[in-house]
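K.L.:
Shown below is the structure under consideration.
The values are calculated or read from the model by the stated rules, or taken from the named source; none is laboratory data. Only a predicted model underlies this, so the values are computations on that prediction, with no experimental measurement involved. Ideal geometry is used to build each Cβ from the backbone, glycine not excepted, and the neighbour counts take in all protein chains shown. Surface accessibility is based on the protein's heavy atoms, side chains included, excluding ligands, DNA and RNA. Shrake-Rupley method; radii C 1.70, N 1.55, O 1.52, S 1.80 Å.
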Amino acid sequence: MSARPHRWLLGGRHYSRAASLALAAPFLVLAFVTFLLPLGSLLHESLFLPTPTLAHYERAVTAPVYLRVMLRTLRIAAIVTVLALLLAWPLALVMARSTGLKLAILVASVLLPLWTSVLVRTYAWMVLLQKNGVINQMLMASGLVDEPLKLLYTETAVVIAMSHVLLPFMVLPIYSALRGIPDDYSRAAQMLGASEWATFREVIFPLSLPGVTSGCLMVFLLALGFFVTPALIGGPQQMMIATLVSQQVREMLDWSFAGALVGVMLAFVLLLALIFKRAVRLDRFVGSA
């Protein structure tokens, strides 16, 4: 009687630990070399250079100027997440209910920005928002304003530009969740007497929550570490944590304090991920495996 083959040789979904490790090894090595090793080195410097100390972390969480930068980063990231959600959900719903050429055009409109450099898109917003830019020219031509408005180098400009750049990361998860909702659910609710608003509130939106939560978490975390757009559009008064870390490394040459700033934000992100894991149970919406 032949020996029982390993599960990973059967063509099913289950693999042995050795096979799983072998398949994941290239990614794990790449993640270790390009992410974990540099991050660990930076955190080591923040704790042990020049001597073992927590002074850098105390400075990061007690100095008012750095606290303002961190709070500003959290505020902008939250606003961008909410704005992206408000813009993305209706678009994702239209995409989920579209077919053929219309769907192809909508999907292309969402994906094409991802194929364009963030730097290029940021410079495009600078052209639109500058004092002699397209938006100010249109406002003055329409008679709504008598002189150019200060749109560039403001927090509003940062929020608008970041929302535009990160919008696809909100649209795609919500679209995927909405696409997976059978049309029979809406028809069944309406046959039972539910109005369109009740159907949306009780059926469509709850079933889209896995995509909503995934998109919100993704956009919020990406916004926390955004660098190019806030640095170019925001200016010194709208400095965010990534720009501050870059300043400490490139201008002040204070790698230890930069590592402390990274450590504080990393601790916050890990705490947020833990809260998200405990508070949001996706199996309530998609069912347990």
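K.L.:
Could you list, in sequence order, the residues of the stretch 63-116 that are assigned to a loop (DSSP other than H, G, I, E, B) and open to solvent by less than 70 Å² (accessible area, probe 1.4 Å)?
P.N.:
Residues satisfying the conditions are Ala63, Ser98, Thr116.
K.L.:
Scan Ala273, Ala189 and give me the residue that is open to solvent by less than 40 Å² (accessible area, probe 1.4 Å), at pLDDT below 85 and assigned to a helix (DSSP H, G or I).
P.N.:
Values: Ala273 fails: open to solvent by less than 40 Å² (accessible area, probe 1.4 Å).
None of the other options fit; the residue is Ala189.
K.L.:
Something else: If you go through the stretch 207-227 one residue at a time, how many are under 18 Å from Trp125 (Cβ atoms) and either open to solvent by 50 Å² or more (accessible area, probe 1.4 Å) or touching a Phe, Trp or Tyr at 6+ places or on another chain (Cβ under 7 Å) (or both)? If you could, list the steps in order and put the result at the bottom.
P.N.:
Filtering the stretch 207-227 for residues under 18 Å from Trp125 (Cβ atoms) gives 219, 222-223, 226-227.
Then keep just the ones that are either open to solvent by 50 Å² or more (accessible area, probe 1.4 Å) or touching a Phe, Trp or Tyr at 6+ places or on another chain (Cβ under 7 Å) (or both); that gives 219, 222, 227.
Matching residues across the stretch 207-227 total 3.
K.L.:
Right, something else. Yes or no: Val29 modelled with pLDDT of 90 or more and over 30 Å from Thr156 (Cβ atoms)?
P.N.:
On the way: modelled with pLDDT of 90 or more: yes; over 30 Å from Thr156 (Cβ atoms): yes.
Against the criterion (modelled with pLDDT of 90 or more and over 30 Å from Thr156 (Cβ atoms)), Val29 qualifies.
K.L.:
Kindly list, by first and then second residue, each pair from a residue in the stretch 125-148 that is open to solvent by 70 Å² or more (accessible area, probe 1.4 Å) to a residue that is assigned to a helix (DSSP H, G or I), limited to pairs with Cβ atoms under 8 Å and residues at least 6 apart or on different chains.
P.N.:
Note: pairs meeting the criteria are Val127/Val134; Gln130/Asn136; Asp146/Met140; Glu147/Met140.
K.L.:
Kindly list the number of the only condition in (1) within 23 Å of the chain's Cα centre (by Cα); (2) assigned to a helix (DSSP H, G or I) that fails for Arg201.
P.N.:
Exception for Arg201: condition (1).
K.L.:
So, in the stretch 156-177, of the ones that are open to solvent by 50 Å² or more (accessible area, probe 1.4 Å) and in contact (Cβ under 8 Å) with a residue 12 or more places away in the chain, which residue ends up farthest from Phe205 (Cα to Cα)? Steps first, please.
P.N.:
Start the filter on the stretch 156-177 by keeping residues that are open to solvent by 50 Å² or more (accessible area, probe 1.4 Å), which leaves 156, 160, 164, 169, 172, 176.
Filter again for in contact (Cβ under 8 Å) with a residue 12 or more places away in the chain, leaving 160, 164, 169, 172, 176.
On the way: Ile160: 25, His164: 23, Phe169: 18, Leu172: 16, Ser176: 13 Å.
Ranking the qualifying residues of the stretch 156-177, first place goes to Ile160.
K.L.:
Right, here's the next one. Could you count how many residues in the stretch 145-197 are among the hydroxyl-bearing types (Ser, Thr, Tyr) and more than 27 Å from Ala104 (Cβ to Cβ)? Outline the logic, then answer.
P.N.:
In the first step, residues of the stretch 145-197 are kept if they are among the hydroxyl-bearing types (Ser, Thr, Tyr); the result is 153-154, 156, 163, 175-176, 185-186, 195.
Then keep just the ones that are more than 27 Å from Ala104 (Cβ to Cβ); that gives 153-154, 156, 195.
Residues meeting the conditions: 4.
K.L.:
Mind listing whichever residues of the stretch 41-62 are open to solvent by 70 Å² or more (accessible area, probe 1.4 Å) and in contact with a Phe, Trp or Tyr (Cβ under 7 Å, 6 or more places away or on another chain)?
P.N.:
Arg59
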